[in-house]
1. Looking only at segment 257-278, filter to residues that are in a strand (DSSP E or B) and out of contact with any helix residue (DSSP H, G or I) (no Cβ under 8 Å at 6 or more places or on another chain); which one of those is farthest from Asp37 (Cα to Cα)?
2. Regarding Val115, is this residue outside any helix (DSSP H, G or I) and under 18 Å from the mean Cα position of the chain (by Cα)?
3. Sort through Gly247, Gly196, Gly235 and tell me the only one that's in a helix (DSSP H, G or I) and free of Cβ contacts under 8 Å to residues at least 12 places away in the same chain.
4. Do we have Leu91 as part of a helix (DSSP H, G or I), buried (at least 19 other Cβ atoms within 10 Å of the Cβ) and modelled with pLDDT of 95 or more here?
5. Could you check, for segment 235-253, whether at least one of its residues is closer than 24 Å to Met16 by Cβ and under 19 Å from the mean Cα position of the chain (by Cα)?
6. Could you run through segment 18-47 and say how many residues are within 22 Å of Phe266 (Cβ to Cβ), of a type outside the set (Lys, Arg) and either part of a helix (DSSP H, G or I) or touching a Gly at 6+ places or on another chain (Cβ under 6 Å) (or both)?
7. Out of the residues in segment 27-53 that are of a type in the set (S, T, N, Q) and under 15 Å from the mean Cα position of the chain (by Cα), which is surrounded by the most Cβ atoms within 10 Å (Cβ to Cβ)?
Amino acid sequence: MSESTAVRVDPSNERMLKAWDGDDGSLWAKRAQRFNDGVAAYRDTFFAAAGIGLADNVLDVGCGAGQTTRDAARLATAGSALGVDLSSEMLGVARRIAVEEGLANVSFEQVDAQVHPFAEAGFDVVISRHGSMFFGTPLAAFSNLARATRPGGRLVLLTWQPLRLNEWITTFRTIFAAGREVPSSDLALSDPVEIGRLLVSAGYADVRCTAVNKPMFFGEDVDDAAEFIVEQHGGRLSDLDETTRAGAVEALRADLAEHQAGRGVFYGSAAWLVEARRP
């Protein structure tokens, strides 16, 4: 992991820097392909809305290991794609794969998009696949992104709908609570009315939120999915006794078995496809 002290972040994002340039980012870098496979069903809808042209300059916010940034670069062959994230390890993966794929029009930077001095009106399209929900001060962040979007440019996001509509989140939260109180807070940017107000206040217009429901992939079979999910969420069981931990994993495996289809283990998910324009 690189030294995160060199990254300028807003104080409200210090916790996110610690997480994403720490253990969380390490896991996501290690499991980059699996995380991409998990939401692969959203790809075509997302990029159809982005409408990236051959000469567009694209900014990918919260790009992680860079799959969406590289996909954007392949569309903008006479333009460019910049991916930004707080995780040095995921960005390392992104850069390595970009070199392996021979992409010369893509770059990655470890920055806090809430405060980074992007070139004013420097991007034709700003995208984020489930990476825009973590800002400490969303209005400041999207105001900064609006400043970086050229007049007439587009913003396209994927964010999660409320928890009750996301089978995967509610199921795993319940199982790993292991009889304790289940966290009930929704993720940020899950209310379309609030999303609209936020983006208009930040400087965007013509905000539209479209519900998109897709199956999420978690593994080829129960063993594969259980290993991945426990690796991601098992820390929530660390303060429990061995019997309770084992019971939670057994409950997980039983639920995974109920969600195994011929092609793997899938759970229902629900996202907002958010589209806006910079006046």
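The values are calculated or read from the model by the stated rules, or taken from the named source; none is laboratory data. All of these numbers come straight from a predicted model, not from anything done at the bench. Positions of Cβ are generated from backbone atoms using ideal geometry, with glycine treated the same way; all protein chains shown enter the neighbour counts.
1. Arg277
2. It is false that Val115 is outside any helix (DSSP H, G or I) and under 18 Å from the mean Cα position of the chain (by Cα).
3. Gly235
4. It is true that Leu91 is part of a helix (DSSP H, G or I), buried (at least 19 other Cβ atoms within 10 Å of the Cβ) and modelled with pLDDT of 95 or more.
5. So far as segment 235-253 goes, no, none of its residues is closer than 24 Å to Met16 by Cβ and under 19 Å from the mean Cα position of the chain (by Cα).
6. Counting residues in segment 18-47 that are within 22 Å of Phe266 (Cβ to Cβ), of a type outside the set (Lys, Arg) and either part of a helix (DSSP H, G or I) or touching a Gly at 6+ places or on another chain (Cβ under 6 Å) (or both) gives 15.
7. Going through the qualifying residues, I end up with Asn36.
Every residue, every condition in (1) buried (at least 17 other Cβ atoms within 10 Å of the Cβ); (2) part of a helix (DSSP H, G or I); (3) under 17 Å from the mean Cα position of the chain (by Cα), yes or no:
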position: Leu82; (1), (2), (3): yes, no, yes
position: Leu103; (1), (2), (3): yes, no, no
position: Ala119; (1), (2), (3): no, no, no
position: Leu139; (1), (2), (3): no, yes, no
position: Ile169; (1), (2), (3): yes, yes, yes
position: Gly179; (1), (2), (3): no, no, no
position: Val182; (1), (2), (3): no, no, no
position: Ser185; (1), (2), (3): no, no, no
